[in-house]
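Chemist: Shown below is the structure under consideration.
The values are calculated or read from the model by the stated rules, or taken from the named source; none is laboratory data. Just so we're clear, the structure is a prediction, and the values are computed from it rather than from any experiment. Just so you know, the surface numbers come from the protein's heavy atoms only, side chains and all, with ligands and any DNA or RNA stripped out. Shrake-Rupley method; radii C 1.70, N 1.55, O 1.52, S 1.80 Å.
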Amino acid sequence: MKTGIILSFIFGVFSLALQAQDTKAIRVKADTDLKYAIPVAERYRYPQFKEGTVSFFNAAPATAKLNYNFQLGEVQFLSLTKDTLSLANEKTIKQIQIGENIFYYDVAHGYVERIATYPKAYLVVKTMFKVAAVEKMAAMGKSSATSSIREVNMLSTGNSSVQKLASKGDIVFSKDKLYFLMDLNHRFYKTTKGGFLKLFPTHKKAIEDYFKAENLDLENEDHLKKILQFCSELPQ
């Protein structure tokens, strides 16, 4: 069982348009137990736990029914007693395969899913629920959308155990995606022009020219795949 960790979310007030989100915003009433706040269908990567394999650096692989929990940012498995538990000792994990999807664990970034493969790199994504807004309580016990606090703490004790959020107002969650470049040695790079230049250092001029010629959105998954495809087709 994993030891308790504090996940601290520090956000300013920003638009709730949630353009590039997979799901609609989820509003949680004040003092709601977060264990039940986000519906199960929204909480997990897959509708049901799926057969998967955990590969380790220095041990034999293990098979189990696995799923990725967006709320905790953890890969979980079903025990023999059907309890939902989180994987521990993540540093020893080389990769996790759930169905046809591959996940990796990185100390700095947590779990990421591989979404595209190229000769020298992978495009990976970290998906988690984030706090989009926290509303203060107004008069008559109603939540006010006109003001927001800047820091929210959520206590996770692992294995699907989440305690109450310390807030006296409604909380709006959104599903957030953060993309990374990863080389074949599992080193991470930002999805910025600088990140691409570091990943493909022998083609700086061509990549610079490509960025100047193309109108690129570096938060758009299709655009990131387009850049990686271009870089992968440059002469070796």
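Chemist: Karplus couplings for segment 90-101 from phi (6.51 cos²θ - 1.76 cosθ + 1.60, θ = phi - 60°), rounded to Hz, Gly and Pro as x?
Modeler: Once θ is set to phi - 60°, the couplings for segment 90-101 become 4, 4, 8, 8, 7, 6, 10, 10, 10, x, 9, 9 Hz.
Chemist: Work out from phi, with θ = phi - 60° and the Karplus expression 6.51 cos²θ - 1.76 cosθ + 1.60, the ³J(HN,Hα) of each residue of segment 178-191, listed in order in whole Hz, and give x for Gly and Pro.
Modeler: The phi angles translate into 10, 8, 9, 9, 9, 7, 5, 9, 6, 8, 9, 9, 6, 8 Hz.
Chemist: Could I ask something else about it? Could you check how many percent of all C-alpha pairs in segment 25-83 are farther apart than 13 Å?
Modeler: Everything past 13 Å amounts to 68 percent.
Chemist: Apply the Karplus parameterisation 6.51 cos²θ - 1.76 cosθ + 1.60, with θ equal to phi minus 60°, to every residue of segment 118-132 and state each ³J(HN,Hα) to the nearest whole Hz, in sequence, with x for glycine and proline.
Modeler: These are the phi-based 3J(HN,Hα) values: 10, x, 10, 7, 10, 9, 10, 9, 9, 10, 8, 6, 10, 7, 7 Hz.
Chemist: Return the subset of Lys126/Lys212; Lys50/Lys91; Lys82/Lys190 for which the Cα-Cα distance in this structure is over 32 Å, preserving the input order.
Modeler: Checking Cα-Cα distances, Lys82/Lys190 exceed 32 Å.
Chemist: If you don't mind, there's one more thing I want to ask. Between His186 and Asp83, 0.36 nm times their residue separation minus their Cα-Cα distance comes to what?
Modeler: Numbers: separation 103, 0.36 × 103 = 37.08 nm, distance 3.14 nm.
Difference between extended and current length: 33.9 nm.
Chemist: Please work out how much accessible surface Thr202 shows to a 1.4 Å probe, ignoring ligands, DNA and RNA, in Å² rounded to 10.
Modeler: Result for Thr202: roughly 110 Å² accessible.
Chemist: Cross-link partners among aspartates and glutamates for Lys225, C-alpha distance below 12 Å, same-chain residues fewer than 8 apart left out?
Modeler: Filter leaves Asp217.
Chemist: Past 27 Å, Cα to Cα, is the threshold; run Lys177/Lys205; Lys175/Lys198; Lys29/Lys130 against it and keep the listed order.
Modeler: Lys177/Lys205; Lys175/Lys198
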